[in-house]
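The values are calculated or read from the model by the stated rules, or taken from the named source; none is laboratory data. Since we're looking at a predicted model, the values are computed, not measured. We place every Cβ from the backbone using ideal geometry, glycine too, and count neighbours over all the protein chains shown.
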């Protein structure tokens, strides 16, 4: 099974995470309601099992909680894939959410990179600062070792834009981690 458990404790956050790329229980508690909603959507639409608890210094703000969660989820994602043999490697997906449209494209390459192009008309969604979306995505991409391109093509509602981005990421990853019968990494180099 393609699973990983990651724990990380710093002076700012205490994170416990269990990830199963092939499905399972979804239970998320970060202390930030909207972020919980996004991670639940991510796990559900990706078909991933995700059990996550985060205790962060929310009395400061949500930055450490969100960024550190991206770090830990990215590491778990990388560890769950192992040597990346027998996966389709690439995935791209559009997600419409009412008036908003978002696109994600991933390459599970071992070469971390992020291109992020999204504007948020409203600064906040509940207790979630929309500017933290790029921080989460960067932390996730770099620690997962993936190339990730995200674009919000248009939208008027920051909730819809943000949710479409998280769901597009989930569907792209679902395609990229799909197993095939080659038993080899999809690379002319022979390794990823």
Fill in: Test result for residue 51, on the phi < 0 side of the Ramachandran plot, assigned to a strand (DSSP E or B) and touching a residue at least 12 places away in the same chain (Cβ under 8 Å)
yes
Discussion item. Tell me whether the range 17-24 contains one or more residues that are farther than 18 Å from residue 137 by Cα, touching a helix residue (DSSP H, G or I) at 6+ places or on another chain (Cβ under 7 Å), at pLDDT 95 or above and assigned to a strand (DSSP E or B).
Written reply: no
Worksheet item: Which residues, taken from the range 95-107, are exposed (fewer than 15 other Cβ atoms within 10 Å of the Cβ) and assigned to a strand (DSSP E or B)?
Response: 96
Worksheet item: Out of (1) without any contact (Cβ under 8 Å) to a residue 60 or more places away in the chain; (2) over 24 Å from residue 72 (Cα atoms), the odd one out for residue 186 is which?
Response: (1)
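Criterion first (assigned to a loop (DSSP other than H, G, I, E, B), under 16 Å from the mean Cα position of the chain (by Cα) and closer than 25 Å to residue 17 by Cα) does residue 110 satisfy it? Reasoning before the result, please.
On the way: assigned to a loop (DSSP other than H, G, I, E, B): yes; under 16 Å from the mean Cα position of the chain (by Cα): yes; closer than 25 Å to residue 17 by Cα: yes.
Yes; evaluated as a whole, the condition is true for this residue.
Working only within the range 27-48, note down all residues that are part of a strand (DSSP E or B) and either buried (at least 19 other Cβ atoms within 10 Å of the Cβ) or modelled with pLDDT under 95 (or both). Full working, then the answer.
Residues of the range 27-48 part of a strand (DSSP E or B): 27-29.
Listed by number, the list holds a single entry, 28.
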Practice prompt. Kindly indicate whether any position in the range 82-100 is at positive phi, at pLDDT 95 or above and in contact with a strand residue (DSSP E or B) (Cβ under 6 Å, 6 or more places away or on another chain).
Written response: no
Discussion item. Looking only at residues that are without any contact (Cβ under 8 Å) to a residue 40 or more places away in the chain and out of contact with any helix residue (DSSP H, G or I) (no Cβ under 6 Å at 6 or more places or on another chain) in the range 122-158, which one is surrounded by the most Cβ atoms within 10 Å (Cβ to Cβ)?
Written reply: 158
Fill in: Verdict on residue 173 being touching a strand residue (DSSP E or B) at 6+ places or on another chain (Cβ under 9 Å), at pLDDT 95 or above, within 18 Å of residue 66 (Cα to Cα) and surrounded by 17 or more Cβ atoms within 10 Å (Cβ to Cβ)
no
Discussion item. Please go through the range 126-162 and give me each residue that is more than 22 Å from residue 76 (Cβ to Cβ) and in a strand (DSSP E or B), ordered by number.
Written reply: 129, 151, 152, 153, 154
Fill in: Options 6, 62; residue that is buried (at least 20 other Cβ atoms within 10 Å of the Cβ) and either under 30 Å from residue 184 (Cα atoms) or free of Cβ contacts under 8 Å to residues at least 24 places away in the same chain (or both)
6
